[in-house]
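Single-structure report; data block below.
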Amino acid sequence: MTQPSGSWSPDIIDAIRRTREQVASLHSELTKYGLVIWTGGNISGRVPGADLFVIKPSGVSYDELTPDNQILCDLDGNVVPGTSGSDKSPSSDTAAHAYVYRNMPEVGGVVHTHSTYATAWAARGEAVPCVITAMADEFGGEIPVGPFAIIGDDSIGRGVVATLSGHRSRAVLMQNHGVFTIGKDARDAVKAAVMAEDVARTVHISRQLGAPIPIPEESIDALFDRYQNVYGQPSAAAVSERKDS
Ligand SMILES: [Zn+2]
């Protein structure tokens with residue numbers, strides 16, 4: 001399904017270069033926020049306009065990651081031969097990332113970590129309930145649990161897609177394993193991974209003190225809608241729409 005690398009247009013070559021730079025530099029966010037240890041965890045980003053994605057190499061230290069040692073794969077998870085980094089193995093989670101890209105065309109980035117608090121919820125197979133407004137904003141409800149699945153085939157990817165398809169949450173706690181997040185691009189998926197760990201930690205601590213108070217469903221809906229559509233800097237289109245109304 002992949003065009004031979006020699007026939008890529010200048011636009012695709014440029015998009016691959018930008019995706020390599022983005023994916024390599026975003027990995028520093030995982031260490032900055034304490035979401036990973038040793039060489040665990042991985043980020044990938046879809047190459048806009050091509051059936052390709054860029055992912056972290058397997059077993060390389062975080063401080064040695066560069067745009068050139070990220071690995072370019074097709075959507076079946078095969079390394080594109082002859083490209084930069086192709087002498088190394090891609091992340092051991094590459095099949096899961098590829099499955100997500102094949103089955104969720106709206107997804108532009110995928111992140112996987114074993115971040116401590118979120119994985120503690122995953123180990124108990126319990127969804128993080130929506131009891132703080134930041135969760136309603138970011139995830140629109142609970143962070144759900146996905147099935148127990150073992151690395152080696154498509155079963156992790158299938159579990160991620162089955163759980164997150166049609167769900168507001170961009171994060172899933174894969175039972176007994178860790179967190180997978182998706183986003184419109186790699187940065188968005190990293191943000192979801194950071195926020196998932198933060199809310200898992202806060203709700204865990206709240207639980208130690210007593211029973212957290214649930215947020216009513218209609219308030220979750222209103223918070224999610226506002227945060228997703230209004231919060232932050234308005235886009236040019238939104239500004240002109242508001243002027244019109
Ligand atoms: Zn894992």
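Exposure proxy ranking for 205, 220, 132, 16, based on other Cβ atoms within 10 angstrom of each Cβ and starting from the fewest, stands as 205, 132, 220, 16. In the Gaussian network model of the chain, springs joining C-alpha atoms below 10 Å, which of 57, 129, 105 carries the largest mean-square fluctuation? Comparing 57, 129, 105 in a Gaussian network model of the chain, the most mobile one is 105.
Ranking of 66, 19 by neighbouring Cβ atoms within 10 Å, starting from the fewest: 66, 19. Dividing the helix sum by the residues of the chain, where each DSSP H run of 4 or more adds -39500 (n - 2.57), gives a mean residue ellipticity at 222 nm of -13500 deg cm²/dmol. Spin-label pair residue 89-residue 17: with each label point 7 Å from Cα along the Cα-Cβ axis, the two points sit 3.2 nm from one another. For the chain, a Gaussian network of Cα nodes joined below 10 Å ranks 71, 12, 143 by mean-square fluctuation, and the top entry is 12. Here 135, 104 are placed in order of increasing Cβ neighbour count within 10 Å, fewest first, which gives 104, 135. Backbone geometry of segment 113-120 corresponds, through the Karplus equation with coefficients 6.51, -1.76 and 1.60 at θ = phi - 60°, to 3J(HN,Hα) couplings of 9, 10, 4, 4, 5, 4, 6, 5 Hz, x marking Gly and Pro. Comparing 173, 81, 229 along the charge dipole axis of the chain, the residue lying farthest to the positive side is 173, per the Cβ-charge model.
Could you sort 78-87, 91-100 so that the peptide with the highest average Cβ count within 10 Å comes first and the rest follow in order? Before the final figure, lay out the partial values.
On the way: 78-87: 16.1, 91-100: 23.5.
Ranking, from highest mean packing down: 91-100, 78-87.
A simple count of charges around residue 157, restricted to other residues whose Cβ falls under 10 Å of its Cβ and scoring Lys, Arg +1 and Asp, Glu -1, yields -1.
Counting only alpha carbon atoms, the long axis of helix 155-164 and the longest principal axis of the chain meet at about 50°. The charge dipole of segment 7-231, taken about its Cα centre with unit charges on the Cβ of Lys, Arg, Asp and Glu (plus for the first two, minus for the last two), comes to roughly 280 debye.
Using just the Cα positions, wrap the chain in a convex hull and report its mean projected area in square nanometres, one decimal place.
Numbers: hull surface 58.8 nm².
For the chain, the mean projected area of the Cα convex hull comes to 14.7 nm².
Return the single residue from 65, 173, 209 with maximal mean-square fluctuation; model: Gaussian network over the chain, springs between Cα atoms under 10 Å. Greatest mean-square fluctuation among the candidates belongs to 209. Between amide H atoms placed 1.01 Å from N, distances below 5 Å from residue 80 occur with 72, 73, 74, all of them 5 or more places distant or on a separate chain.
Every read-out reported here was derived from the displayed coordinates using simple, explicitly stated rules and does not represent laboratory data. This one's a predicted model, so the numbers in the text were calculated from it and none came from an experiment. Neighbour counts are summed over all protein chains in view; Cβ atoms, including those assigned to glycine, are modelled from backbone coordinates with ideal geometry.
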